[in-house]
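Every number in this text was worked out from the coordinates using simple rules, so none of it is lab data. Computed from a prediction, not measured in an experiment: that's the story for all the values here. Neighbour counts are summed over all protein chains in view; Cβ atoms, including those assigned to glycine, are modelled from backbone coordinates with ideal geometry.
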Amino acid sequence: MNFWLLSPELSLCGIALAVVLLDLVIEQKKVLAVISVFGLIIPIAFTIALWGEQQASFSGMLVVDNFSLFFKFLILGISALVIISSVDYVKKFARFQGEYYALILFSTGGLMLMCSTGELISIYIALELASISLYALVSFLKDPKSSEAGLKYMILGAISSAVLLLGMAFVFGITGSTHLDQIADKVSALVSGGQLWDYPALLFGIVLMVAGFGFKIASVPFQMWVPDVYEGAPTPITAFLSVASKAAGFAVILRVFYTAFGIEAISADWGMIFAVLGAISMTLGNVVAIAQTNIKRMLGYSSIAHAGYIMVGLAAVSTLGKSGVLFFLAGYALANLGAFIAIIAISNKTGSDEISDYSGMSRRSPVISFILAFCLISLIGIPPTVGFMAKFYIFNAAIQQDLLWLVIIAVLNSTISAYYYLRVVKIIYIGEPLSDEPIPSSIPMRVSLAITSIGVLVLGIYPWIVLRLAETAVVTFP
């Protein structure tokens, strides 16, 4: 057992425990946010030190390679931005700041472990570690909406976990192993010369696993929890769910399907499953988002649509598709976090998430309004934002694999999404302001807004900065 390979996760759990203990003895609770953010430097440093490693430990349950490390960087960065943007928001539950930050860190640790697991049981345990913390965080406001959101998320999460576990049991029963590389050998021998459809038990197990993972990435038809949970959860946690949980979910899907089920005989079959789910997800997400009047619910359906876009890269079943998925997730994280952080700043003042209350917001807070509009434009996929480059690469991968029909559906859906995104921009800039009071923003809020907006612009102009890392990450991946 090589505990050095677990150093990012172990150090992160240590920081979370330190935050809980310090919460008992210090009176200035803002210190907890500082410790949480700067404490993340330790796991980030360990992750940098591990870059280039290609090792498995703990009997193959833990796999450390550039692929898992890429996602650890991404999830740690997301966690840092969420904590920074929470500094003003936590006044709503001032007595429980220590628990709030600690739960974010514990959930981050679980999501990081999900990206490094090479065995089905450890995947399930890591997923539950991340999910249990999120169940508590979603209901942290303790008002009716938040409590309802937490209850729905927990019940549906438990059902999806059971479905996932059942799928894993079917795969184990057929292959006799829970290790992904051993499953690959057994599946290769089983379906050699045939197709996945010829083995209904294996197909059923894979379909159940797709359903279980589909809950984590918020894809149709496993998206029913998204709008209510996004609306009821504390806004920083909504942001965390929309990007960190989705990134870890796609990381696990990539590892499981390209490692265990990556043989050519069946990859086209499960690739088509993801293609169909992607087309349905992006269409339903964008069409239903048009009718939303609450901006968090709107971005919830937008998240469903973006799960569909990302599945275009999964359906491509190629190296370009894999690297495109990684780059898309990084770009989506920046744009979506930027939008949510701007929403946090505005809702802290107005106390409302209704789109109508954003009327004339550009005159009350021109900088925050511009950043919100810029991030929404990136979510559409308009240059020079990172959203355009992300869609360009992922659609290119699909075209090269003769999935032109899927790209046409995705482009049409991007056009549909422009309606509801630009509707918000129109209200912000053309509507009459409901008040003359400016929207205040603290230094931490300004820092997080600056990081996300600059990232959206820079990666839109120079995408190779992250794209090269993504290409390096998937080289070591089967």
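General remarks:
- A simple charge model with +1 on the Cβ of Lys and Arg, -1 on the Cβ of Asp and Glu and nothing else charged puts the dipole of the chain at about 860 debye relative to its Cα centre.
- Taking other C-beta atoms within 10 angstrom as a stand-in for reagent exposure, 128, 119 fall in the order 128, 119, fewest first.
- Each of 385, 293 was scored by other Cβ atoms within 10 Å of its Cβ. Arranged with the fewest first, they read 293, 385.
- Least to most buried among 468, 423, 255 (fewest other Cβ within 10 Å first): 468, 423, 255
- For region 421-466 and region 273-297, distance of Cα centres in Å: 23
- With helices as the sole contributors, the chain gives -24500 deg cm²/dmol at 222 nm; each DSSP H run of n ≥ 4 counts as -39500 (n - 2.57), and the sum is divided by every residue.
- Counting only Cβ charges, +1 for Lys and Arg and -1 for Asp and Glu, the dipole size of region 77-165 around its Cα centre is about 320 debye.
- Legend: distances between Cα atoms for 92/322; 349/426; 186/391; 72/349; 216/391; 391/426; pairs beyond 31 Å are 92/322; 186/391; 72/349.
- Built amide H within the under 5 Å cut-off of residue 117, gap 5+: 63
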